[in-house]
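Heads up: the structure comes next, in structure tokens.
Just so it is clear, none of the values below were taken in a lab; they were calculated from the coordinates. Quick caveat: nothing in here was measured; it's all calculated off a predicted structure. When we count neighbours, we look across all protein chains shown, and the Cβ atoms used for this are built from the backbone with ideal geometry, even at glycine.
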Amino acid sequence: MKIHKGDQVLIISGKDRGKKGKVLDVFPKINKLLVEGVNIRKKHVRPKKGGEKGQVVEMPSQIASANVMLLCSKCNKPTRIGSKIVSNKKYRICKKCKQEV
């Protein structure tokens, strides 16, 4: 998977199309991501203690990695990701501006 934790991404399809967010977690085995502020679902939580009330908590849900594009930090545009090997070290590069991501 070419998108890593901490990357800025743009949602390109689905109900949250056009939103931007930071990747909180990556699940490469199932090709899904957890993006901040995107694909929010509501979870009903039961009260734990005697006098406590139950509540509805909003939490982000996973989104398919095919529905996001990386935002290049240099040109600030959604882009595909390439790779470049320099002295036995692999770097991710922006396909638009050819700069290291």
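With N set to the number of residues, divide the alpha-carbon radius of gyration of the chain by 2.2 N^0.38 Å and report two decimals.
Relative to the rule-of-thumb radius for its length, the chain sits at 1.38.
If I take every Cα pair under 8 Å that is 6 or more residues apart in the chain, average their sequence separation and divide by the length, what percent do I get for the relative contact order?
Across the chain, relative contact order equals 21 percent.
Tell me the net charge near residue 25. Cut-off is 13 Å between Cβ atoms, residue 25 excluded, with +1 for each Lys or Arg and -1 for each Asp or Glu.
Result for the local shell: +2.
Ranking 33, 24 by Cβ neighbours within 10 Å, fewest first, what do you get?
24, 33
Enumerate the aspartates and glutamates that residue 19 could reach by cross-link, defined here as Cα to Cα under 18 Å, with residues fewer than 8 away along the same chain left out.
7, 36, 58
Amide H neighbours of residue 35 under 5 Å, at least 5 residues apart or on other chains, H built in the peptide plane: list them.
Distant-sequence amide H within range of residue 35: 24, 63.
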